[in-house]
1. Counting Lys and Arg as +1 and Asp and Glu as -1, each charge on the Cβ, what is the dipole of the protein assembly as shown about the Cα centre in debye, to the nearest 20?
2. Quick one: which residues, 5 or more positions from B:SER129 or on another chain, have an amide H under 5 Å from its amide H? H modelled 1.01 Å from N in the peptide plane, none for Pro or chain starts.
3. Once you have the Cα-Cα distance between B:ASP24 and B:GLN259, take 0.36 nm times their residue separation minus that, and quote the gain in nm to one decimal.
4. Evaluate the charge dipole of the range A:9-140 about its Cα centre and quote only its size in Debye, nearest 20, assuming +1 on the Cβ of each Lys and Arg and -1 on the Cβ of each Asp and Glu.
5. Copy-to-copy spacing for B:PRO236, label 7 Å out on the Cα-to-C-beta vector, in nm, shortest first?
6. Given 0.36 nm per residue, what is the gain on full extension from A:LYS105 to A:SER202 after removing their alpha carbon distance, in nm?
7. In whole angstrom, how far apart do the alpha carbon centroids of the range B:88-141 and the range A:94-125 sit?
8. Amide H to amide H under 5 Å from A:LEU197: which residues, 5+ apart in sequence or cross-chain, H placed 1.01 Å off N in plane?
There are 2 protein chains.
Amino acid sequence: RKRILITGGAGFVGSHLTDKLMMDGHEVTVVDNFFTGRKRNVEHWIGHENFELINHDVVEPLYIEAVDQIYHLASPASPPNYMYNPIKTLKTNTIGTLNMLGLAKRVGARLLLASTSEVYGDPEVHPQSEDYWGHVNPIGPRACYDEGKRVAETMCYAYMKQESVYHHYTLFNTIPPSQALEQLRVIVNFVVLSSLLQVYGSGSQTRAFQYVSDLVNGLVSLMNSNVSSPVNLGNPEEHPILEFAKLIKNLVGSISEIQFLPEAQDDPQRRRPDIRKAKLLLGWEPVVPLEEGLNKTIHFFRKELEYQA
Amino acid sequence: RKRILITGGAGFVGSHLTDKLMMDGHEVTVVDNFFTGRKRNVEHWIGHENFELINHDVVEPLYIEAVDQIYHLASPASPPNYMYNPIKTLKTNTIGTLNMLGLAKRVGARLLLASTSEVYGDPEVHPQSEDYWGHVNPIGPRACYDEGKRVAETMCYAYMKQESVYHHYTLFNTIPPSQALEQLRVIVNFVVLSSLLQVYGSGSQTRAFQYVSDLVNGLVSLMNSNVSSPVNLGNPEEHPILEFAKLIKNLVGSISEIQFLPEAQDDPQRRRPDIRKAKLLLGWEPVVPLEEGLNKTIHFFRKELEYQA
Ligand SMILES: NC(=O)c1ccc[n+]([C@@H]2O[C@H](COP(=O)([O-])OP(=O)(O)OC[C@H]3O[C@@H](n4cnc5c(N)ncnc54)[C@H](O)[C@@H]3O)[C@@H](O)[C@H]2O)c1
Ligand SMILES: NC(=O)c1ccc[n+]([C@@H]2O[C@H](COP(=O)([O-])OP(=O)(O)OC[C@H]3O[C@@H](n4cnc5c(N)ncnc54)[C@H](O)[C@@H]3O)[C@@H](O)[C@H]2O)c1
Ligand SMILES: O=c1ccn([C@@H]2O[C@H](COP(=O)(O)OP(=O)(O)O)[C@@H](O)[C@H]2O)c(=O)[nH]1
Ligand SMILES: O=c1ccn([C@@H]2O[C@H](COP(=O)(O)OP(=O)(O)O)[C@@H](O)[C@H]2O)c(=O)[nH]1
Ligand SMILES: O=c1ccn([C@@H]2O[C@H](COP(=O)(O)OP(=O)(O)O)[C@@H](O)[C@H]2O)c(=O)[nH]1
Ligand SMILES: O=c1ccn([C@@H]2O[C@H](COP(=O)(O)OP(=O)(O)O)[C@@H](O)[C@H]2O)c(=O)[nH]1
């Protein structure tokens, strides 16, 4: 039984991780400022003796005791959210990460940083393995997130070398079954607005999505391994965005046409994780098939829309 | 007459900039924590009514009033210095830059960030123009500096867009005539240890050096221009390190042999700035010829060695 801190624990990935760790019998403290997260995502645990929810912004120092593991997930994650206030995104990923590393150092905890495939930018090699240096525009509209996460990795690396703070990183795009409705990510848009499927550009740009339960299992095994370097957790099954649009159109039985909008600036053209390292060192790979993941997501959003209505 | 703040003003570039701005009749405040800088570099101004020296670390907030321009230079600059304490290097470039941008925003000052050619990493295009995205290892030994400066650029960009803080960036390698003797940069080493010229690797890796007076003139014209995007200030004259070693061997009349040591990790193989933007927008280009700059540097170090003896 471990004492576990999850920053961003009221968010999409964090709340699923909370569920898993609580079910496994651990003590879980969630720290969140509710920028994109919702209390509703974790409210079923409120009152449980192993659970604590702290309304706190990681840009401010956090002094708590008795923590064994820190899953550091606090950060806006989708383009509209991280571009909403780029300065704040930068502060969260730089000062916020320094604070959590300072905490990890003081209490002797292990830290896992949720990084992102965006550290590879608009990649020039395929698939992207962990030692790829990336292709990122430092002063473009995505830079607050991409460069913020890159330097957060650098910080983890520096604390590990200098202060022996364990760290790990992670992740690729995930299929979001509890994404906040306002979060304008492609799958959410396609599913929720199935009567109005909008594709930015030609739709030939690719992405690879994993279902959140796969990701959460990967995070937990990474945290409990001895690996202290970046590990891609993702689904190597890559598809053009237009194909996702068509697939979803079929699955939801939508009769609408697909509308093409102008391309987004600096939109990465290809994304596909090389996950051989995770397979080799963690014995991990995604097991939920794409169609099953999409169906669960569609189901989730239908219920969500009913709830809102 | 302007009220000017120079962070890192007791360092190599900063003290030359201080000299120029004081001679031009401005009010100059130097902020420095003396990590690599020396009081001696600016002591000839102490007591002057237009000059103030504040012993302060930019990682801590700085509340001062009445500032028109901020030259933000505070950061260790040479590999041994920035690798000495990577965590501190990261804090200086992230929190330190946020603090100076916060100050600039509050007092309505314009800010110029001294960036570095290292944001281009080990470049894959030559020469490097300002729109090159770079090729940087986020978790290598140089990352604390490279990624720190990259995200500092991103921060400037974000404050400019969101808060209308003017910003500029800059710089390529400079020939250091007042570099602290302990700072192990290649030219300094070659000149000071001319009896023991040590080349890391084959010496085929290239660099391009400019003399500090050229750089200082470039910084001042950039600050007073309307450009608010990165501008390379450097000398496009590129030479292999081995050639520098031979040239200096001749200039100092050293009789020693050149010794070859193992290659340094992640050592950029080529460096050469494309300075067309500076020429076009600022009418700036370096004017001090390489040999003249080297001779001044050698002269400087001879006096420095006498002073130390
Ligand atoms: N979902 C994905 O596809 C994906 C892909 C790659 C990386 N990630 C990373 O995984 C992590 C979680 O992403 P998510 O999809 O769950 O996003 P999310 O927006 O649902 O969750 C992020 C959580 O962090 C909180 N937060 C943001 N700033 C904070 C601050 N300053 N202080 C405290 N809390 C703060 C938010 O309120 C939210 O609850 C992020 O770090 C993200 O970069 C996610
Ligand atoms: N000299 C070059 O060839 C070169 C090339 C590219 C970029 N630069 C950039 O130019 C700037 C100046 O470089 P330099 O060659 O004069 O180096 P330097 O080491 O001589 O000067 C840096 C100054 O900053 C001060 N400083 C460091 N950390 C500080 C902190 N936390 N708070 C306050 N002061 C702090 C140091 O004490 C020193 O006086 C740096 O930002 C560097 O990255 C220099
Ligand atoms: O329990 C802790 C310990 C540190 N910190 C923060 O983490 C940062 C980095 O910690 P570190 O020990 O590296 O910094 P220092 O205090 O030595 O500057 C500090 O600035 C603190 O604000 C925190 O939030 N909680
Ligand atoms: O309604 C939408 C939303 C997104 N996209 C595209 O889908 C891809 C994935 O976008 P998302 O916002 O999910 O995140 P990203 O993977 O770019 O971080 C990108 O190429 C977007 O341009 C789209 O075509 N329609
Ligand atoms: O005169 C000032 C104003 C701000 N700051 C620092 O600059 C940072 C960023 O400023 P900003 O106004 O963006 O931040 P906020 O205070 O809104 O978080 C703050 O955290 C302060 O520590 C400073 O050092 N001097
Ligand atoms: O005594 C020395 C010092 C440096 N170098 C090489 O000279 C180049 C410039 O090194 P410097 O430390 O000046 O800074 P950098 O340009 O790498 O930031 C690099 O390729 C170093 O490996 C060398 O051969 N001998």
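Just so you know, all these numbers are worked out from the coordinates, no wet-lab data involved. Everything quoted here is computed from the prediction, not taken from an experiment. All Cβ positions, glycine included, derive from the backbone under ideal geometry; neighbour counts span all protein chains shown.
1. The dipole magnitude comes to about 320 debye.
2. B:ASP274
3. Result: 80.1 nm gained on full extension.
4. 320 debye
5. Spacings between copies for this position, smallest first, are 4.4 nm.
6. So the extension gain works out to 30.2 nm.
7. The distance from the Cα centre of the range B:88-141 to that of the range A:94-125 comes to 19 Å.
8. A:GLN259
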